[in-house]
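The values are calculated or read from the model by the stated rules, or taken from the named source; none is laboratory data. Quick caveat: nothing in here was measured; it's all calculated off a predicted structure. So basically every Cβ, Gly included, is an ideal-geometry build from the backbone, and we count neighbours across all protein chains shown.
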Amino acid sequence: MLRTVILALVVVGLPAGIWFAIRYGVPETVTFSGAVQKATTSQEGDMAPKIVVTAMITSLEPLRARDEAGQEFSLEFTGKQPDGGLRQGTAYRFVGHVHGGSPPTFHATQVYDA
């Protein structure tokens, strides 16, 4: 009996676990405009989808960056600073989500060297 229960849990749980890991495990890398589009197409009440944007810091005060498509955007960073801090003219990979508004702002919670 216990063997049947364990087998059933594996048969159901393993595919569900793989699907969950694929769906939510690795944030998608997009441009800032792609991040805005993802935020506007998500259902109201849903959490903002976590995404990765690779961008170069163009200004430290106020914090602004330019993505790979050349679009400049406002950046809010609340995570741990990288070693040596953020440097103007340096590219980073920011993990976070977009806050709507005019203009939209990218809220990063993690940063990595590009």
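Some values worked out for this structure:
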{"read-out": "Counted residues, the range 80-110 - those being under 15 Å from the mean Cα position of the chain (by Cα) and over 17 Å from ALA48 (Cβ atoms)", "value": "2"}
{"read-out": "Tabulated pairs, the range 19-43, first in contact (Cβ under 8 Å) with a residue 12 or more places away in the chain, second polar (S, T, N, Q) and not in a loop (DSSP other than H, G, I, E, B), C-beta under 8 angstrom, 6+ apart or interchain", "value": "THR29/THR54"}
{"read-out": "The range 91-109, residues that are surrounded by 13 or more Cβ atoms within 10 Å (Cβ to Cβ) and among the polar types (S, T, N, Q)", "value": "THR105, THR109"}
{"read-out": "Residue within the range 63-70 that is in contact with a strand residue (DSSP E or B) (Cβ under 7 Å, 6 or more places away or on another chain) and either aliphatic (A, V, I, L, M) or in contact (Cβ under 8 Å) with a residue 60 or more places away in the chain (or both) present", "value": "yes"}
{"read-out": "Only one of GLU28, GLU68, GLU72, GLU61 that is surrounded by fewer than 10 Cβ atoms within 10 Å (Cβ to Cβ) and out of contact with any Pro (no Cβ under 7 Å at 6 or more places or on another chain)", "value": "GLU61"}
{"read-out": "PRO49 being surrounded by 13 or more Cβ atoms within 10 Å (Cβ to Cβ), modelled with pLDDT under 90 and in contact with a helix residue (DSSP H, G or I) (Cβ under 7 Å, 6 or more places away or on another chain)", "value": "yes"}
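Quick grid of which residues meet (1) modelled with pLDDT of 80 or more; (2) among the β-branched types (Val, Ile, Thr); (3) under 14 Å from the mean Cα position of the chain (by Cα):
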{"site": "ARG3", "(1), (2), (3)": "yes, no, no"}
{"site": "VAL10", "(1), (2), (3)": "yes, yes, no"}
{"site": "PRO15", "(1), (2), (3)": "yes, no, no"}
{"site": "ILE22", "(1), (2), (3)": "no, yes, no"}
{"site": "THR40", "(1), (2), (3)": "no, yes, no"}
